[in-house]
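The values are calculated or read from the model by the stated rules, or taken from the named source; none is laboratory data. Model, not experiment: these values are computed from the prediction. A quick note on method: Cβ atoms are made from the backbone with ideal geometry, for glycine too, and the neighbour counts reach across all protein chains shown.
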Amino acid sequence: MAVLVIGEAPTAAIEAVGLRIRPFRPGADEPLPATLTGIDALILSPTATPAALPLVGPALAAEVPVLALGEGARLLAEAAGSGGTGCGATDPLLGGAAAPHGFRVGASAWGLPVPDEADHGVLRRFAELVAGRAETTATRTFFTPRAAAWEERFAYQTPAYEAAVARMRLRPGQRALDLGCGSGRALPALRALVGAAGTVIGVDLTHAMLTAAAREGRGGAAAGLLLADCARLPLPAAAVHGIFAAGLLDHLPHPDAALREWARVTAPGGELLLFHPSGRAERAARHGRAVSPDDPLAEPNLRPALEAAGWHLATYEDAATHFLARAQR
Ligand SMILES: C[S@@+](CC[C@H](N)C(=O)[O-])C[C@H]1O[C@@H](n2cnc3c(N)ncnc32)[C@H](O)[C@@H]1O
């Protein structure tokens with residue numbers, strides 16, 4: 001786990017809990033990293049300076065774990081625009097009385113104005129939290145800075161999304177999910193299929209993406225917007241009749257587990273539509289690489305993965321203009 005440490009910090013104690021330090025010393029020649037890519041957490045030490053602020057706001061927006069000590073805690077409060085919330089005895093990191101001066105900002109940043117309160121227990125729990133969230137943090141640090149411009153950048157593809165959703169056999173009154181919904185481009189088309197009596201929920205792990213969807217008027221009465229991991233859906237078994245997922249499966253660290261989870265929440269006879277507005281070869285070429293035989297969307301990989309998870313692949317199209325796979329539960 002790579003933790004960007006801003007300023008002077010107790011290196012041995014941090015490494016002892018399994019965190020790999022990437023140092024940034026304000027005033028030294030090296031520049032502050034431009035993005036949070038590859039960074040699993042941030043420690044703002046007592047010698048951190050305002051030079052760190054350009055990364056603290058984005059870290060809070062992407063819910064990157066932050067531990068801020070002494071002056072670093074003051075900078076955290078400044079970046080958050082508030083003093084945070086005092087931590088009660090139930091705080092998972094600070095353990096209540098062990099850090100009576102501690103405060104929390106949002107769900108993932110902690111400030112300890114008295115640095116000595118960051119004892120071994122706090123550091124160990126912070127390291128556990130960082131490790132447990134590493135995959136989520138990588139997704140959020142990638143998509144959060146892209147969220148605000150997502151809709152404008154890709155609006156031209158919306159007709160392709162509408163055409164793809166129209167291939168789903170959803171009926172009025174049924175329940176549909178758009179997993180990894182991003183700015184919610186497929187949500188209006190899903191609503192058109194299930195009608196006012198149906199249910200549409202867009203699920204995304206990146207808060208900023210759901211904010212973009214809400215800004216586009218795709219929340220509220222149009223669709224529910226749910227911040228959740230699509231591999232651990234807070235839904236009962238057989239809750240929905242259809243799942244749409246565009247540009248998602250091959251971004252996931254464990255696609256097989258995700259297919260099983262999607263099968264769990266889908267009623268028998270329901271369907272899954274995997275979509276991308278360009279074919280696999282075109283996408284690979286755009287990123288300057290060859291199509292990988294390990295691609296989870298390659299038919300020889302996708303078909304058995306679907307079957308093992310409880311799906312039957314009914315349609316597979318990998319054309320120059322789009323990728324579409326439709327499977328039945
Ligand atoms: C390539 S974007 C596609 C967005 C949208 N489906 C579209 O086509 O415009 C992938 C989206 O999946 C979300 N995502 C990635 N991993 C996720 C997960 N485990 N659970 C839920 N959403 C996830 C990202 O936050 C991002 O919004």
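Quick notes
- Unique residue being aliphatic (A, V, I, L, M), in contact with a Phe, Trp or Tyr (Cβ under 6 Å, 6 or more places away or on another chain) and touching a residue at least 12 places away in the same chain (Cβ under 8 Å) when the list is A186, A176, A228, A208: A186
- Note on segment 220-237: residues that are at pLDDT below 95 and either within 17 Å of A147 (Cβ to Cβ) or of a type in the set (D, E, K, R) (or both) amount to 0.
- Number of positions in segment 227-250 that are near the ligand (Cβ under 9 Å from one of its atoms) and part of a strand (DSSP E or B): 4
- Filtered by the rule that a residue be without any contact (Cβ under 8 Å) to a residue 60 or more places away in the chain, assigned to a helix (DSSP H, G or I) and within 14 Å of the ligand (Cβ to nearest atom), segment 261-279 gives a lone residue, E261.
- Segment 147-163 - residue that is near the ligand (Cβ under 10 Å from one of its atoms) and among the charged types (D, E, K, R) and, of those, surrounded by the most Cβ atoms within 10 Å (Cβ to Cβ): E151
- Here is the figure for segment 268-297: residues that are under 22 Å from A163 (Cα atoms) and not acidic (D, E) total 14.
- Scanning segment 191-219 for residues that are under 23 Å from F143 (Cα atoms) and part of a helix (DSSP H, G or I) turns up H207, A208, M209, L210, T211, A212, A213, A214, R215.
- If the condition is being surrounded by fewer than 17 Cβ atoms within 10 Å (Cβ to Cβ) and either touching a Gly at 6+ places or on another chain (Cβ under 7 Å) or modelled with pLDDT of 90 or more (or both), then segment 2-14 contributes only A2.
- Within segment 164-186, the residues that satisfy the criterion of being part of a loop (DSSP other than H, G, I, E, B), more than 15 Å from the ligand (Cβ to nearest atom) and among the charged types (D, E, K, R) are R167, R169, R171.
- Filtered residues of segment 251-260 (kept if crowded, with 18+ Cβ neighbours inside 10 Å and more than 8 Å from the ligand (Cβ to nearest atom)): P255, L259
- Residue satisfying all of: in segment 107-146; part of a loop (DSSP other than H, G, I, E, B) and either more than 16 Å from the chain's Cα centre (by Cα) or on the phi > 0 side of the Ramachandran plot (or both); farthest from the ligand (Cβ to nearest atom) among these: V114
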